[in-house]
1. Restrict the search to region 271-360; then list the GluC sites (Glu not before Pro) that DSSP places in a loop and that have at most 14 other Cβ atoms within 10 Å of their Cβ.
2. If you count only protein heavy atoms and use a 1.4 Å probe, how large is the accessible surface of Asp203, to the nearest 10 Å²?
3. What share of the DSSP beta bridges in region 160-308 is antiparallel, in percent to the nearest 5?
4. Which net charge results for the neighbourhood of Gly133, defined as the other residues with beta-carbon distances under 9 angstrom from its beta-carbon, given Lys and Arg at +1 and Asp and Glu at -1?
5. Of all the C-alpha pairs in the chain, what % are more than 27 Å from each other?
6. Which value, in debye to the nearest 20, describes the size of the charge dipole of region 193-333 about its Cα centre when Lys and Arg Cβ atoms bear +1, Asp and Glu Cβ atoms bear -1, and nothing else is charged?
7. Of the accessible area of region 245-389, with the probe set at 1.4 angstrom, what percent is carbon plus sulfur?
8. Report, ordered by chain and residue number, the lysines lying within cross-link reach of Lys223, taken as a straight Cα distance under 25 Å and ignoring same-chain residues fewer than 8 apart.
Amino acid sequence: MYLAKNYKRFPVAFVKGKGTRLFDEEGNEYLDFCAGIAVCALGHAPDELSKAICEQAQKLIHVSNLYWTEPQAKLARLLCEHSFGERVFFCNSGAEAVEAALKLARRYAWKNFGPEKNEIIALENSFHGRTYGALSATGQPVYWQGFEPIVPGFKHIPPNDIKALEEAFSQKTCAIILEPILGEGGVIPLSDEFVQEARKLADKYQALLIFDEIQTGIGRTGKLFAYEWTSVVPDVMCLAKGLAGGMPLGAIVATEKVMEALEPGTHASTFGGNPVSCAAALVVLEKVLANGFLEEVTLKGKALFQKLENLAEKYPEKIAQVRGKGLMQGLELKISATPVANFLFEQKKILLTVIKDRVLRFTPPLVVAYREIDALAEALEEALQSVSL
Ligand SMILES: *Cc1c(COP(=O)(O)O)cnc(C)c1O
């Protein structure tokens, strides 16, 4: 009643969660293939995570970034030890991580090459968040509607279009920002050739290559970071969503040389790198980096992909394509996906997300079981049968 009407919500209020299951007020059990939109990497309220959060909350909930805390320092070290990164800046959300990356890119160019170098290339159909910088990077004008003018200096090109990429770069380019797999854009993977060319051109024009791994990062695709599937390494990487398993936390990871542009006083966040969120992230990383965990994500992703492929073969009149990597999969339909998602919600108590009207997106907790993938596929088949062309 009192909430802004900015969300279209399903008619349910959840009171409890465990693993891949959510429970509503009436005790109904839901199988969760949304996972807070790729956030609850370890599932709902996993014991280790709840425990670490409680313990940290009993010790220290917040201090200013004028001081040091151990969880933040430990987490930064872990992120660097397991990536190309050498320095980390913490914030609270995905949009804030993108803001930090964009500001870093402009500041780095300003400091090293002068104020003229300020253009940022981004992709059509990308999604980078809702704050003004992130919104301006987002290549979907529908999100700009009524909010313009957006921040100047952004140029959008179609994903996987190498010619457009070559034409977009100039001496004025300070950065290019890419999602390795466009999440909100419809689960669209970038080709390795495109990513390689972006790296080559960024080097040629002394621009930064920024990967927005907010959705693809933290094991979602079967590697800790999706850039590891490509043959390139970015200069800056944005993280959030799965990073702290459900606690709010964002980060940018960058090389030392690049992060140097954020000198004292240039950027900040009051809550960024909060000790409770960082303690949670330490548990997530410990789990995801444990022996065999990422291999399991890859195997489960393959199982999910195969199940979806089987459906695509069986229902070619309704299914256009299966796309994705690991436990980030999309099923593009030839019909609206909303009735299918609604059927699954109402009849089968399964949660998933619809993007771009026609794409069903599957981002279950990384700990999802094979039998739950089977259950999803069975329910999905029924749902597909129930909707008419
Ligand atoms: C979700 C998302 C964001 C925005 O994150 P918020 O925490 O909602 O601000 C940015 N980029 C990508 C790729 C995302 O998936």
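The values are calculated or read from the model by the stated rules, or taken from the named source; none is laboratory data. Owing to the predicted nature of the structure, the values given are computational and were not obtained by experimental measurement. For neighbour counting, all protein chains shown are included, and Cβ atoms are generated from backbone atoms with ideal geometry for every residue, glycine included. Protein only, heavy atoms only, side chains kept; ligands, DNA and RNA dropped before computing areas. Shrake-Rupley method; radii C 1.70, N 1.55, O 1.52, S 1.80 Å.
1. Details: sites: Glu286, Glu295, Glu296, Glu309, Glu313, Glu317, Glu332, Glu346; in loops: Glu317.
Sparse-neighbourhood loop GluC sites (Glu not before Pro): Glu317.
2. 90
3. If I count the DSSP bridges inside region 160-308, around 45 percent turn out antiparallel.
4. Numbers: positive: Lys103; negative: Glu99.
My count for the surroundings of Gly133 gives 0.
5. Values: 37252 of 75466 pairs.
Result for the distance tail: 49 percent.
6. On the way: 15 positive and 17 negative charges, 89 e Å.
In total the dipole reaches around 420 debye.
7. Working: 3070 of 6050 Å².
Ligands and nucleic acids excluded, carbon and sulfur give 51 percent.
8. Lys18, Lys74, Lys200, Lys241, Lys287, Lys300, Lys302, Lys307, Lys325
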